[in-house]
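Below is one structure, written out as structure tokens; comments come after it.
The values are calculated or read from the model by the stated rules, or taken from the named source; none is laboratory data. Since this is a predicted model, take the numbers as computed values, not measurements. Every residue, glycine among them, receives a Cβ derived from its backbone with ideal geometry; neighbour counts consider all protein chains shown.
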Amino acid sequence: MELLTPAIGLIFWATVIFITVFLVLRKFAWTPIIEGLNERENDISSALKMAEETRAEMAKLKASNENLLAEARAERDQIIKEAKEASNNLIEQAKQKATLEGSRILGDAREALTQERVAMMATIRKDVAELSIEIAEKVLRKELGDKKTQQDLVSNLISEANLN
């Protein structure tokens, strides 16, 4: 039973050793361990703070990137819209120019046709007049072969000319 009930000397020396070990550990082990733990806690805390700041900065950068993308898309859409408008304007101007050019060409062709028709009519009139004169000359030579017929014709023409 001696093992179950310790002696007073054993309790005393165990307490002295315990307090000595406790003080030695406190001075040489626990203080550095606690300081290390506090330093580690501060490091972890600063790392968490830095991570939070980085996360906030990343969120700002993401928002900034989204804004830049939105602006780029808006600018792209504006450029495309302006390009379409410019293309439509060019097409419209080309159509108008082609219409005017076509009208001018048609007008020139009509004018050329009119001039050709007038020239042909003048040529036809001239040819008809020459033929008429030739025919009249031949008819007159045949019919006015004698002098009396010629005098009658001249007097009839003079009388008709005075009437008009």
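One line per residue, one yes/no per condition, for (1) of a type in the set (Val, Ile, Thr); (2) surrounded by 10 or more Cβ atoms within 10 Å (Cβ to Cβ); (3) at pLDDT 90 or above:
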{"site": "GLU2", "(1), (2), (3)": "no, no, no"}
{"site": "ARG26", "(1), (2), (3)": "no, yes, no"}
{"site": "GLU39", "(1), (2), (3)": "no, yes, yes"}
{"site": "ILE44", "(1), (2), (3)": "yes, yes, yes"}
{"site": "LYS49", "(1), (2), (3)": "no, yes, yes"}
{"site": "GLU52", "(1), (2), (3)": "no, yes, yes"}
{"site": "GLU57", "(1), (2), (3)": "no, yes, yes"}
{"site": "ASN67", "(1), (2), (3)": "no, yes, yes"}
{"site": "ARG73", "(1), (2), (3)": "no, yes, yes"}
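Determine if the range 98-116 includes at least one residue that is without any contact (Cβ under 8 Å) to a residue 24 or more places away in the chain and outside any helix (DSSP H, G or I). I'd like the intermediate steps shown before the answer.
Narrowing the range 98-116 to residues without any contact (Cβ under 8 Å) to a residue 24 or more places away in the chain: 98-116.
Of the ones still in play, those that are also outside any helix (DSSP H, G or I) are none.
No - not one qualifying residue is present in the range 98-116.
What about LYS126, is it at pLDDT below 95 and either surrounded by fewer than 10 Cβ atoms within 10 Å (Cβ to Cβ) or under 34 Å from the mean Cα position of the chain (by Cα) (or both)?
Numbers: at pLDDT below 95: yes; either surrounded by fewer than 10 Cβ atoms within 10 Å (Cβ to Cβ) or under 34 Å from the mean Cα position of the chain (by Cα) (or both): no.
No, not satisfied.
If we scan the range 85-103, do we find a residue that is under 30 Å from LEU153 (Cβ atoms), surrounded by 10 or more Cβ atoms within 10 Å (Cβ to Cβ) and among the β-branched types (Val, Ile, Thr)? Even if it seems obvious, please write down each step before you answer.
At the first step, the residues of the range 85-103 found to be under 30 Å from LEU153 (Cβ atoms) are none.
No, the range 85-103 has no match at all.
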